[in-house]
Structure formats: structure tokens, C-alpha cells
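The values are calculated or read from the model by the stated rules, or taken from the named source; none is laboratory data. Just so it is clear, the model here is predicted, and its values are computed rather than measured. All Cβ positions, glycine included, derive from the backbone under ideal geometry; neighbour counts span all protein chains shown. Just the protein is used for accessible areas: all its heavy atoms, side chains included, with ligands, DNA and RNA removed. Shrake-Rupley method; radii C 1.70, N 1.55, O 1.52, S 1.80 Å.
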Amino acid sequence: MKTMSEPYLPRVIQIGSTGRNSGKTTLALELIRYLRQERPVYSLKIITIKPQQKGHCQRGGKGCGICTAFTGGYEWQEETRTKGSKDTCQMLAAGSTKTFLLKAVEEQLAAGFAEIYRQLPPEAWLICESNTLRKVVRPQLFVMMDNQKKAKPSAAAVFQQADVVLQKATDFDWCQLAWSNV
């Protein structure tokens, strides 16, 4: 259910997921390739870090090092590489004008997102991978990728706010973009 307390952001498509390997990056790449034909597309991957997990991998085990280097509040960086397996590299290679990675504790997510959002031209699309961002903004379209497993807590908290729920990225109906003024 959408509430009016979060600011509405046209031309923002947010993709969340109930768990890893659910197809959110696949969908993000397809959206970037399609939408860039019409106007600039920017992309953003958000990692929300729980304060008690700061400095440790949230997924357990060794991890990739993204969260272990995090010092607090929020920090972001622009991706500059188009080669590599990281989601941000793939987004840039797919045609995103600029791609960002934002790491934030939940309490600082709105501030970190606002800092990046201010850099976007008003006519640009923003494709964003995040569950938790839906708590602070109301995107034009919020797609939840449901991998049919037990939903992680960040997905469960916003699942009912999804405009569209998909099991596979190929199930996306492009008509979903036509329902609002863009």
C-alpha cells in the first residue's frame, strides 16, 4: 500500500528482491537497454548495512569486502569500469549514463540517496536495486523479484508496497511503464 509520506519520484524504477539470485540485475540491465533509447538512464545499487554488522559480511563467511570497508553513515562511489562481474559494472556496460553504489545504514539511507539523486538531470530515468529505499521514497514503479524462497527481512518489510511481483525478469510487462506520466 502506497502512503503519501514518502516523496514521489517519477522516472525512478526500483527493483527489490526476496533473496539473492532472483533476477533483479537481469531486469535492471534490460530496463537500461530499453529506456536509454528514449532519454538518459542512470543506475544505482544500494547496500543497506545494519549497524551491528558494520565491518562484517552481512551474508556470513568471507564476503566480497564491500561492507567490511564501510566506516559508517553512508558512502557512495561512481562505477567507472564496464568490465567485470559486479552488478554496477554490468549496468554501466548496458548503457547507463552513470552508475553508483551507495552503502548506508538505514537511518542514513535517505540522506545518501538524496546526495546522488541531486546529481541526476530531471529528465533522466533512474534504475535502482534496493528493498529498503522503498521505506523513504515512492518510485514511479516498484518491482519485487520473488525467488519463491523465504523472504529476507528487508523484502518482507516492503513486499506489500510492490507495484509488480515477478518470479523471472522475463515476466516483466513493458506496459507497466505506460501507466504514469513520464
How many residues of the range 13-35 are closer than 17 Å to residue 153 by Cα and more than 12 Å from the chain's Cα centre (by Cα)? The answer is 5
Need the failing condition index for residue 127 against (1) crowded, with 18+ Cβ neighbours inside 10 Å; (2) in contact with a helix residue (DSSP H, G or I) (Cβ under 8 Å, 6 or more places away or on another chain); (3) modelled with pLDDT under 95, just the number. (3)
Would you call residue 95 buried (at least 16 other Cβ atoms within 10 Å of the Cβ) and either touching a Gly at 6+ places or on another chain (Cβ under 7 Å) or on the phi > 0 side of the Ramachandran plot (or both)? yes
Tell me yes or no: at least one residue of the range 147-154 is closer than 20 Å to residue 48 by Cα, without any contact (Cβ under 8 Å) to a residue 12 or more places away in the chain and exposed (fewer than 13 other Cβ atoms within 10 Å of the Cβ). yes
Picking from 32, 15, the residue that is part of a strand (DSSP E or B) and under 18 Å from residue 101 (Cα atoms) would be 15
Counting only residues that are farther than 21 Å from residue 47 by Cα, charged (D, E, K, R) and part of a loop (DSSP other than H, G, I, E, B), which one in the range 133-173 is modelled with the highest pLDDT? 163
Test: residue in the range 69-82 that is in a loop (DSSP other than H, G, I, E, B), open to solvent by 40 Å² or more (accessible area, probe 1.4 Å), of a type in the set (A, V, I, L, M) and more than 23 Å from residue 146 (Cα to Cα): yes
Identify the single condition in (1) open to solvent by 40 Å² or more (accessible area, probe 1.4 Å); (2) within 30 Å of residue 123 (Cα to Cα); (3) at pLDDT below 95 that residue 48 does not satisfy, given that it satisfies every other one. (1)
